[in-house]
1. What's the number of the only condition in (1) touching a Gly at 6+ places or on another chain (Cβ under 8 Å); (2) surrounded by fewer than 19 Cβ atoms within 10 Å (Cβ to Cβ); (3) at pLDDT below 95 that residue 624 fails to meet?
2. Which one of these is more than 22 Å from residue 203 (Cβ to Cβ) and in a loop (DSSP other than H, G, I, E, B): 314, 238?
3. Taking the residues in segment 309-354 that are out of contact with any Asp or Glu (no Cβ under 8 Å at 6 or more places or on another chain) and of a type in the set (Val, Ile, Thr) as candidates, determine which candidate is surrounded by the most Cβ atoms within 10 Å (Cβ to Cβ).
4. With respect to residue 322, is the statement that it is modelled with pLDDT of 95 or more, hydroxyl-bearing (Ser, Thr, Tyr) and over 24 Å from residue 237 (Cα atoms) true?
5. Within segment 127-164, count every residue that is over 30 Å from residue 177 (Cα atoms) and charged (D, E, K, R).
6. Among the numbered conditions (1) among the aromatic types (Phe, Trp, Tyr); (2) at negative phi; (3) not in a helix (DSSP H, G or I), tell me where residue 499 comes up short.
7. Of everything in segment 68-93, what is touching a residue at least 12 places away in the same chain (Cβ under 8 Å), part of a loop (DSSP other than H, G, I, E, B) and over 23 Å from residue 132 (Cβ atoms)? Give them in sequence order.
Amino acid sequence: MGKNIVQKILDAHLVSGKPVPGQEVAIHIDQTLTQDATGTMTYLQFEAMGLDAVKAELAVSYVDHNTIQIGFENADDHRYLQTVAAKHGIVFSRAGNGICHQVHLERFGRPGKTLLGADSHTPTGGGVGMIAMGAGGLDVAVAMGGGPFYITYPKVCLVKLTGQLQPWVSAKDVILKMLEIFSTKGNVGWMFEYGGPGVATLSVPERATITNMGAEMGVTTSVFPSDAETRRFLAAQGREEQWVELLPDPDAAYDKIVEVDLSALEPLTAAPHSPGNVIPVRQVVGMPVQQVAIGSCTNSSYVDMVRVARILKGRRAHPDVSFVVAPGSRQVLQMLAREGALAGLLDAGARIMESACGFCIGNSQSPQSGAVSLRTNNRNFEGRSGTKDAQVYLVSPETAAAAVITGVFTDPRDLGLDYPQVTMPDRFFIDDSMFVFAVEHPEAVEVYRGSNIGDPPRNEPLPAEIKGQATIKVGDKITTDHIMPAGQLLKYRSNVPKYATYVFSPVDPTFAERAAANRDAGIHNIIVAGESYGQGSSREHAALCPMYLGVKAVIAKSFERIHIANLINFGIVPLTFVDPADYDRIQDGDELVIPNIRAILGEKALISVENHTQGVEIPVEANLSERQVKMLLAGGLLNTVSQK
């Protein structure tokens, strides 16, 4: 039997394990990327493991998240990132060069390669035929040093695209339709492969929009074929020699096949407060809009920006709408400026933001109280924008532009305008001067460390028993933003003791203080959670900071892929309820004991949680590989690697 694209790439990179769905395998990583919100800790861990030079084919450090420099912390960290990159053979992308996923797609993405990034939207690279996955920074540090990356060999779903998108319907509506079909949970262990005749109608930037938001479905990654359209994109980037054809075999098999007719799609939106809360735009037509933000790694390509500029040509932003635009890369911004589209956006009343993550991570442009904000980014979690009561809707650039003109939610098909046909250029403007490549004498480089940077904390080996309390009980779909808020707090990413004071602050502002008091008193902290715990970003601080506060275990109905890996990396035991109804048998503050946890963890047996407050025993399980058990016993990955 032939192979599909996922199998072809994974099997060519297999280091150990059997390529059987559900089995743990180790794969070789060709390329890595980090961004500044995750990169500082990644490189601190790289150094702490005693690694000297990068062994992956390519490692790139991007500065795109914390580019706003209020106080010294961000500037200090950026200097650390640049010097540590020079020391160890890492390509450094300076602030202003653009968003990591957009820039990496433009300048480094290669069909058939594996990419591991310390950012959950790394699957954007699947638009150019890569197996690109998000992971915690510690996993990325190991891959940079030549170590393998461990995943569960996936089941593969073929998304068969037919037809062609109609005017005013775009790639964003395709991925929103996918979220409507698959939701944001229950897809752990899957990879999506896009195929069918509709694929040929989509450009690489459109494909990248679709693979980008596969992260919101919880799949490991998504991938498109490498075909004539991929070749055209690489040629336009001056990299045609890097193209290889990558197609499924004619007799390739899949675990599931879903068909999506592109011709039948309509403008969609993800309503507050989840990317999976998808409804047709026509259901909210007429709702007043106070803010429109166009950009992010999802929709900030040259094609997206030019189309918005043409829709707005000769028109002005509605006086009630705050309108901001953030081109995804310096390349995009330079082309907009050279071709006159930037002037058109300015004429329409746009405020041009830096080519950075900015508003998407709540680091700028927080909307007014209670505002309806239409955004082309990928997440609309409650409070993520920086305004707790804002109502954030995720939309396509076309729907966003329509609201700029009208001041209300508008189906762009009702504007009465001719749809601006924008094609990918035959040649992009190429200027790599904002990359800092290898230096001649790396051994002479002195790594700069500001006062906000500390050594990465280490966990202690797993105790014989976990004895403590349910320090916090949370519900379903708890995201990494709930656990470890981003925005301007990201400036403390290198200062774990400070950042840890904000753990769970959006949910329970008293948690960090109570957890620290328990830790200091020798009482273990245990988190109890519902379904899909750890949705969202790859932010390993959502495990690292709880570890610092003395969290020893999380008991949940289910976990998301990256977060459960991060918990294990930092020595926190992830346990799932055998019967989800037992979630109701634990309350905040209950005294919990997990006896003999160290002895029975690797036995594949049920584990008993004794709730001494309620007088009940609750069976839980730990679905772990032998490697993961060893890591937990050692107190995490950093300890494990250091021992080697």
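The values are calculated or read from the model by the stated rules, or taken from the named source; none is laboratory data. Just so it is clear, the model here is predicted, and its values are computed rather than measured. Virtual Cβ from ideal backbone geometry, glycine too; neighbours counted across all protein chains shown.
1. Answer for residue 624: the failing condition is (2).
2. On the way: 238 fails: more than 22 Å from residue 203 (Cβ to Cβ).
One residue alone meets the criteria, 314.
3. 332
4. Values: modelled with pLDDT of 95 or more: yes; hydroxyl-bearing (Ser, Thr, Tyr): yes; over 24 Å from residue 237 (Cα atoms): yes.
Yes.
5. Adding up the residues that qualify gives 1.
6. (3)
7. 68, 70, 71, 72
Residue-wise test of (1) surrounded by fewer than 22 Cβ atoms within 10 Å (Cβ to Cβ); (2) more than 25 Å from residue 623 (Cα to Cα).
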| position | (1), (2) |
| --- | --- |
| 506 | yes, yes |
| 520 | yes, yes |
| 523 | yes, yes |
| 534 | no, no |
| 560 | no, no |
| 566 | no, no |
| 589 | yes, yes |
| 604 | yes, no |
